[in-house]
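Engineer: Please read through the structure below; I'll follow up with questions.
All of the numbers you see were taken from the coordinates with simple rules; none came from a lab. What you are looking at is a predicted structure, and each value in this text was computed from that prediction instead of being measured. A quick note on method: Cβ atoms are made from the backbone with ideal geometry, for glycine too, and the neighbour counts reach across all protein chains shown.
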Ligand code: EPU
């Protein structure tokens, strides 16, 4: 393995932003990376380690990346073991997420179908605990292997150790004084899923229920749900290959029941969901939409006309949006949502 210099990143990020990596290494296997890390010639910046790139589906590049980029291309899909209760499937971190979902279904291991068509790689999935249509990665997670980039040692984490939260995990946090946080310090190499044999469809999400009614199917199969999820996503989320975007740009904010009651008094139509812990989740897309942002554009950064939560590259590949334009639009949205609702929206993608 060797570092490539001055590598264009436009095709390696889903917004299609033009930027370069000063040096980039394609990581195809664990052992070669360990050899490299042990090489005294390999000098890393002292405090901020490296930048790990998966499919580039959840990043905003605001300039060239000066840190060494490790592009994860570790492949492989296999059944690790089969117990009386579950199939344990392992995927290399560089596998395409959607292909992994499709492979599991084709082998007869259902459970990931609600997460179909989420862009990105398998290794990125635990980082932000991807979720859609009532299922989060943590619900199907068994364990993962990662490489400590300081020592070169491999280690395994279970779900508790990953500290999953809503679009959150230990991999999204820089290490703190307690030693918590693995951002830039560890590279996920393999992820294992626990797919229960006692499969039950996860429905109850309004759009899935609508599909079920339309199709008049009482007991949908995993494949049927997979197809519904693909159809729903295709209808309302832009394909990054056609219109650059990083999926939902903001997290859905959480408020206390008291805060929610106060907002409902002023905004009776606000879309909100009660969570298991009693707090209320608000639909960020609704908040942004209510502020009139749908279809608006600043520079080459736009708000998608079918889903206000998604920011898009209006300049295509010839005159692409810059990371600065994306962040200017994001800040303008945050300001107007704050002024109207008193709620601070938090970006979902990693800003580099
Ligand atoms: N809404 C509007 N206007 C909009 C967008 C949404 O009024 O422009 C309303 C919708 O009508 C709906 C509510 O807001 O009542 C929620 O919208 P939706 O069901 O589309 O889900 P979401 O909260 O916008 C989340 C995830 C998506 C995931 C979907 C489906 C986050 C930040 N986003 O979106 O994840 O696919 O639920 O489960 O949690 C992603 O993370 O990139 C992503 C696409």
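Engineer: As a test of the definition: which semi-axes, in Å, follow for region 81-223 when you take the square root of five times each eigenvalue of its alpha carbon gyration tensor? Largest first, please.
Structural biologist: So the equivalent ellipsoid measures 30, 16, 12 Å along its semi-axes.
Engineer: Taking the beta-carbon count within 10 Å as an exposure proxy, list 294, 331 from fewest neighbours to most.
Structural biologist: Neighbour counts put them in this order, fewest first: 331, 294.
Engineer: What length, rounded to one decimal in nm, is gained on full extension from residue 216 through to residue 346, with 0.36 nm per residue of separation minus their alpha-carbon distance?
Structural biologist: 42.9 nm
Engineer: So for region 169-220, averaging the separation of alpha carbon pairs under 8 Å that are six or more residues apart and normalising by length, what relative contact order in percent results?
Structural biologist: Dividing the mean separation by the residue count of region 169-220 yields 19 percent.
Engineer: While we're looking at this one, here's another question. Fewest to most neighbouring Cβ within 10 Å: what's the order for 228, 87, 286?
Structural biologist: In order of increasing Cβ crowding within 10 Å: 286, 87, 228.
Engineer: Just how far, in whole angstrom, is region 221-282 from region 306-352 if you go by their alpha carbon centroids?
Structural biologist: Answer, in whole Å: 17.
Engineer: A further question on this structure: Tell me, what is the percent relative contact order of region 245-351, built from C-alpha pairs under 8 Å that lie six or more residues apart?
Structural biologist: 30 percent.
Engineer: What's the exposure ranking of 97, 103, going from fewest to most Cβ atoms within 10 Å?
Structural biologist: Fewest-to-most ranking of 97, 103: 103, 97.
Engineer: Oh, and also: Go from 0 up to the bin containing the longest alpha carbon distance in region 46-112, width 10 Å each, and give me the % of pairs per bin.
Structural biologist: 17, 37, 24, 17, 5, 0
Engineer: Between residue 28 and residue 242, 0.36 nm times their residue separation minus their Cα-Cα distance comes to what?
Structural biologist: In short, 74.3 nm is gained.
Engineer: Also: Note down the relative contact order for the chain as a percent, whole number, built from C-alpha pairs under 8 angstrom at least six residues apart.
Structural biologist: 17 percent
Engineer: On a full-extension model of 0.36 nm per residue, what is the gain between residue 180 and residue 274, subtracting their alpha-carbon distance, rounded to one decimal in nm?
Structural biologist: Net length gain for the segment: 30.9 nm.
Engineer: What is the ratio of the Cα radius of gyration of the chain to 2.2 N^0.38 Å, where N is its residue count, to two decimals?
Structural biologist: 1.01
Engineer: Summing -39500 (n - 2.57) over the DSSP H runs of n ≥ 4 in the chain and dividing by its residue number, what mean residue ellipticity at 222 nm do you reach, to the nearest 500 deg cm²/dmol?
Structural biologist: Value at 222 nm, helices only, nearest 500: -7500 deg cm²/dmol.
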